[in-house]
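Report on the structure given below.
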Amino acid sequence: MSQKVTRRQFLNYSLMGVGSFMAAGMILPMGRMALDPLFQDDSEGSMITTSVTVDEITEEPMQVDFTFEQEDAWYTSEVTDFAWVYRDGNEIIAFSPVCKHLGCTVTWAADDNNPERFFCPCHNGLYEKNGENVPGTPPTGPLDQFEVGESDGFLTIGQVFPNELV
Ligand code: FES
């Protein structure tokens, strides 16, 4: 005994198949975007090796560039940033160059009247060498620090954290 598929049934099955396929095409990428960060392997560690050896670092703050990959959902881009780095005895100090007033970039010894301070040109912000904001200038807090380390003689830079020197 043969079962015949009517034209109506055939159209219903076809539409259901196409509809399911289209729904899966929309739902699967959304699910992947939502769940993907949960399955990222973060075990590599977050220290970035720079091209500066620790022997090159002196008591004079120097600009040290570093590059890292930044993932934004499914988009990965290469970002270049830098730190102000100097030696204080046996310790290496690295500051974020982001001004704590409105986020401009601070520079070491850029103001002729303050040759031993970090200077922010946007609103004449000043910071001491230890990152402390100079009272009477716009910044309301000290410069953040970067974690630092060493890998095969090269300086490594890690996460930003609140200034622990002041
Ligand atoms: S942003 Fe640096 S002083 Fe205003």
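Read phi for every residue in segment 149-166 and hand back ³J(HN,Hα) as whole Hz from Karplus 6.51 cos²θ - 1.76 cosθ + 1.60, θ = phi - 60°, with x for Gly and Pro.
Couplings: x, 9, 9, 6, x, 9, 5, 10, 10, x, 6, 7, 8, x, 3, 10, 9, 10 Hz.
In what sequence, highest mean first, do 9-17, 146-154 appear when ranked by Cβ atoms within 10 angstrom?
The peptides rank, most packed first, as 146-154, 9-17.
Separation between the residue 21 and residue 159 pseudo-spin-labels, each 7 Å from Cα along Cα→Cβ, expressed in nm?
4.7
Long-range amide H contacts for residue 166: which residues qualify at under 5 Å (H placed 1.01 Å from N, peptide plane, sequence gap of 5 or more or a different chain)?
Those qualifying (amide H under 5 Å, at least 5 residues apart or on another chain) number zero.
Rounded, prolate or oblate for segment 48-161? Axes are the square roots of the Cα gyration tensor eigenvalues, ordered a ≥ b ≥ c, and the cut-off for rounded is a/c under 1.5.
Verdict is oblate for segment 48-161.
At a threshold of 8 angstrom on Cα-Cα distance, excluding pairs fewer than six apart, so keeping six or more, what relative contact order does the chain reach in percent?
Result for the chain is 18 percent.
Given the Cα-Cα distance of residue 74 and residue 51 and 0.36 nm per residue of separation, how much length would full extension add, in nm?
Stretched out fully, the residue 74 to residue 51 stretch lengthens by 5.4 nm.
Rounded to the nearest 0.05, what FRET efficiency is calculated for residue 63 and residue 9 with R0 set to 45 Å and r the Cβ-Cβ distance?
After rounding to 0.05, the efficiency reads 0.05.
Run the lone-cysteine check on the chain: no other Cys C-beta under 4.7 Å from the residue's C-beta.
none
Quickly rank 98-110, 117-129 as a protection proxy: mean count of other C-beta atoms within 10 Å, highest first.
Per-residue mean Cβ counts within 10 Å order the peptides as 117-129, 98-110.
If I build a Gaussian network model for the chain, linking alpha-carbon pairs within less than 10 angstrom, which residue out of 30, 47, 62 has the largest mean-square fluctuation?
30
Using only Cα atoms, tell me the angle between helix 7-35 and the longest principal axis of the chain; keep it within 0 to 90° and round to the nearest 10.
10
Only the coordinates and a few stated rules stand behind these numbers; no lab work does. Everything numeric in this text was worked out from a predicted model, so none of it was measured. In this analysis, Cβ positions are derived from the backbone assuming ideal geometry, glycine residues included, and neighbour counts consider all displayed protein chains.
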